[in-house]
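Just below is one structure, and these are the notes that go with it.
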Amino acid sequence: MKAEHAQSRIAALRAEIGRHDELYYRKATPEITDFEYDVRKHELAELEGKFPQFASADSPTQKVGDDRAQGFVEVAHRQKMLSLDNTYNEVEVRAFHTRLTKLLEVEDLRYTVEPKIDGLAVSLTYEDGKLVRAVTRGKGDKGDDVTANVRTIQTLPHTLTGAAPRVVEIRGEIYLTAAEFERINAERAAAGEDLYANPRNLAAGTIKQLDTSEVAKRKLAIVLYSLGYCEPEAVASQSELHDQLRAWGLPVVEKIWPVRGIDAAWAAIGELDGLRRSFAYGTDGAVVKLDAMAQQRAVGATDKAPRWAIAYKFKPDTARTRLRAITIQVGKTGILSPVAELEPVLLAGSTISRATLHNEDEIRRKDIRVGDLVEIEKAGEVIPAVLKSFPEERVAGAAEFDLFALVGGKCPVCGSGIARLEVAAEEAQGVAWKCQNYDCRAQRTGRLGFFCSRRALAIDGLGETVAAKLVELEWVKDQPDLYDVTLASLATLNLGTTEELRIFGEKNATKIVAAREAAKALPLEKWLYALSVPDVGESTARELGRRHRNFVELADSTLLKAVLQKAELLAQREFEAPASRKNPAKSDEDKARRKELCARLDAEIAALDAGVLAGAPADIGPAVAASLLDFFAGEPGRRLLAKLRALGIDPQGTVAEAGVLTGKTFVLTGTLPTLKREEGEQKILAAGGKVSGSVSKKTSFVLAGADAGSKLEKAQALGVRVIDEAEFLKLVAGQ
Ligand code: IVH
């Protein structure tokens, strides 16, 4: 691989992994399996090894995932919480042993083999035997204080039994049993709410709830397996630790394997694999640890993970079954997604009859055809997926998958035309077919469900099932029509059939009415995102919400028009440049005239940049601007705004009033000692300042923290003033 190719692949992988880290650790809504994630991470680590010139302290291979959420107090760990190196193959487990024998100059090493629990890491501090604090892993050095929530875990003693150290950090994993996970999901299903994908996400989502009484309703469980800071020292080995934890009355794993040598460790991993499905918690691997603490200390740790432990991850469970049919689902943006309808098969404890097939290109690439024997995978995570087919066992005559032919060139829900287009929407990447009818029932349902989802207006209790019913009955066409549905009609809504009634009920209906009322007060950014305006994701909505007062101003946005105008000027500038390839100057006279014209265009562009566009975020480009203005000028957008007006709903932008930072533009870089990036940005905006993504001569201040990179260098080169967090806080305070 050429260096430049490697560089761009590294950048792409870092961006992709960064996105999945955010989804997994912060939002608890992963889109890919752990295995798929690990494959990407290994590829990145390998490339960084081969091309050390592109290594970076900012790379996801060098950091532990960040699970910090808004609304919690951050607390430093006394001893850093590290991650574990992981592998999927035996050779690397043996290489781990070889490494240790060399480092320690001892051949005969003792290990423990333990289950790797698929939960949420937490560190408990006990002082003189009393539980004083529970903190999530966070960034490794500091995490969120979730003490109140952890105290609701019934099996966790708040006082240790017997003699306890003065201070000890005890680490473990919070999880939900499969039974509890199913109980909660069944309850949600009955209330017509969306279901959680798996126990891990539900546990992570629960511990990050700000309302402790809600946490207490879900029976979280915990299991403890390791020590952080401990004073005075309590144990000399990992196996002793296990016994000590149990003696203190703490919940521990049902079995650990103390072994001598790597052959025995490998055998124990096999035994564990045979047993693990009977455990109360999900397991995704085995952890092999050096048993003697003295040896652990001797080999130490890297920034990210200890050298004395390795995680061997089990491959996700797979099964073989027949692909009966491929059906098509239509999402909120109209994208047609293929779904595998399978001969039901038992896999990882549940019966699977449907699986995702991603998109048409992938089905062709994997050569999957209706009638095929297929291999499916369920990784405890997300929805099961079809991995591959077995073309050699194919019955003759199975046709290659052709989505257009399957649906007869029409949307299977509304019968309108479909178009093939490039998409980068949340639910699909690449090329897809899309239903062209904004009023399609499936799109309406998708949009209504999204409108009510947690990330949008959080109208809890109104999930896909209820949304589908409301749209089917035509009580709701556009999302704000939800406000016209009366409490009485919601309460008597039948989600079942005429034979088997399933009445939504007064309690659920009341909840929705209260939630939709509360949503009226949400800011413009939330409403803009919730209304599924094409091309407007969460961050674009946030940026726009901070720059417009209301929908009326946004629909006729000066900022967006300026973005378009600048794009036009740039295109014209390129065309008129005397050396333009498409339009080279024909004579000296022409050249002189065009030089002058270009200078005028440059001045116009510069005026836009310094005026309306100053501090405008880079992700609002001409495509987004055009799409937004078109939407609000078109029929659907006009209809939505008229409806909101009629309902008296007028969400307000969070445009900052003049403040101490008015007229100042900031660029943030690196990690600040106490403020999270969003908190810093909020302070700037609240004080009337602007935040920009890149440093230029017009930048007033660069606020730099640890590991600041190229932005800091650029600031120094341009002579822009660089400040640290302490100075920044003084500025904000008006000093
Ligand atoms: S020991 C210094 N033991 O897996 C690291 N970790 O993927 C000490 N985990 O961060 C960790 N089961 O949150 C250890 N039996 C076990 C574990 C375990 C699950 C988690 C832990 C770790 C993560 C790494």
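The values are calculated or read from the model by the stated rules, or taken from the named source; none is laboratory data. Not measured: the values here are computed from a predicted model. Cβ atoms come from the backbone with ideal geometry, glycine included; neighbour counts cover every protein chain shown. Each accessible area value is taken on the protein alone, full model and side chains, heavy atoms only, with ligands, DNA and RNA left out. Shrake-Rupley method; radii C 1.70, N 1.55, O 1.52, S 1.80 Å.
Structure notes:
- Identity of the residue in segment 300-323, β-branched (V, I, T) and within 12 Å of the ligand (Cβ to nearest atom), that ends up most open to solvent (accessible area, probe 1.4 Å): T302
- Elements of type helices (runs of 4 or more DSSP H) in segment 422-503, at least 2 residues being among the polar types (S, T, N, Q): 441-452
- Inside segment 544-571, residues that are crowded, with 20+ Cβ neighbours inside 10 Å and either out of contact with any helix residue (DSSP H, G or I) (no Cβ under 8 Å at 6 or more places or on another chain) or within 18 Å of L457 (Cβ to Cβ) (or both) make up a count of 4.
- Members of segment 255-291 that are within 23 Å of E180 (Cα to Cα) and among the hydrophobic types (A, V, I, L, M, F, W, C): L275, F279, A280
- Note on segment 108-218: enclosed strands (runs of 3 or more DSSP E) holding 1 or more residues that are of a type in the set (K, R) are 110-117, 130-136, 142-144, 167-175.
- Consider segment 343-352 and keep the residues that are surrounded by fewer than 19 Cβ atoms within 10 Å (Cβ to Cβ) and hydrophobic (A, V, I, L, M, F, W, C). The one that is farthest from L275 (Cα to Cα) is V345.
- Filter pass, E107 being free of Cβ contacts under 8 Å to residues at least 24 places away in the same chain and either away from the ligand (no atom under 15 Å from the Cβ) or open to solvent by 10 Å² or more (accessible area, probe 1.4 Å) (or both): yes
- Screening T101 with (1) surrounded by fewer than 19 Cβ atoms within 10 Å (Cβ to Cβ); (2) at pLDDT below 95 gives one miss only, at (2).
- Number of residues in segment 226-236 that are open to solvent by 50 Å² or more (accessible area, probe 1.4 Å) and either of a type outside the set (F, W, Y) or in contact with a Pro (Cβ under 9 Å, 6 or more places away or on another chain) (or both): the value is 4.
- Considering E517, E525, E576, the condition of being open to solvent by 20 Å² or more (accessible area, probe 1.4 Å) and either in contact (Cβ under 8 Å) with a residue 60 or more places away in the chain or under 24 Å from K690 (Cα atoms) (or both) is satisfied by E525 alone.
- Every residue from segment 126-176 that is surrounded by 15 or more Cβ atoms within 10 Å (Cβ to Cβ), within 16 Å of the ligand (Cβ to nearest atom) and of a type in the set (D, E): D144, E169, E173
- Just so you know, in segment 528-543 the residues that are farther than 20 Å from E678 by Cα and open to solvent by 10 Å² or more (accessible area, probe 1.4 Å) include one that is farthest from the chain's Cα centre (by Cα), and it is P534.
- Being more than 34 Å from the chain's Cα centre (by Cα) and of a type in the set (D, E, K, R) is a property that R276 lacks.
- Once segment 284-293 is narrowed to residues that are open to solvent by 20 Å² or more (accessible area, probe 1.4 Å) and assigned to a strand (DSSP E or B), the residue that is nearest to the ligand (Cβ to nearest atom) is D284.
- From the list R277, R297, the lone residue that is within 15 Å of the ligand (Cβ to nearest atom), part of a helix (DSSP H, G or I) and basic (K, R) is R297.
- Identity of the residue in segment 237-266, open to solvent by 60 Å² or more (accessible area, probe 1.4 Å) and not in a helix (DSSP H, G or I), that ends up nearest to N185 (Cα to Cα): E254
- Matching residues, segment 662-703, being touching a strand residue (DSSP E or B) at 6+ places or on another chain (Cβ under 8 Å), among the hydrophobic types (A, V, I, L, M, F, W, C) and assigned to a loop (DSSP other than H, G, I, E, B): L672, V695
- For L703, the conditions (1) touching a helix residue (DSSP H, G or I) at 6+ places or on another chain (Cβ under 7 Å); (2) touching a residue at least 40 places away in the same chain (Cβ under 8 Å); (3) aliphatic (A, V, I, L, M) are fulfilled apart from (2).
- Answer from A715, A726 - the residue that is more than 30 Å from V75 (Cβ to Cβ) and not in a loop (DSSP other than H, G, I, E, B): A715
- All positions within segment 191-214 that are among the small types (G, A, S), touching a helix residue (DSSP H, G or I) at 6+ places or on another chain (Cβ under 9 Å) and at negative phi: A191, A203, A204
- Checking A340, A355 one by one, the residue that is more than 16 Å from the ligand (Cβ to nearest atom), without any contact (Cβ under 8 Å) to a residue 40 or more places away in the chain and crowded, with 18+ Cβ neighbours inside 10 Å is A355 and no other.
- Of all residues in segment 439-476, those satisfying the criterion of being open to solvent by 40 Å² or more (accessible area, probe 1.4 Å), farther than 29 Å from T206 by Cα and among the charged types (D, E, K, R) are D439, R441, E472, E474.
Conditions tested, residue by residue: (1) modelled with pLDDT of 85 or more; (2) more than 19 Å from G709 (Cβ to Cβ); (3) in a helix (DSSP H, G or I).
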site	(1), (2), (3)
A12	no, no, yes
T29	no, yes, no
E46	yes, yes, yes
Q70	no, yes, no
V75	yes, yes, no
M81	yes, yes, no
V91	yes, yes, yes
R94	yes, yes, yes
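- Condition check for L82: open to solvent by 40 Å² or more (accessible area, probe 1.4 Å), of a type outside the set (F, W, Y), within 15 Å of the ligand (Cβ to nearest atom) and within 30 Å of the chain's Cα centre (by Cα): yes
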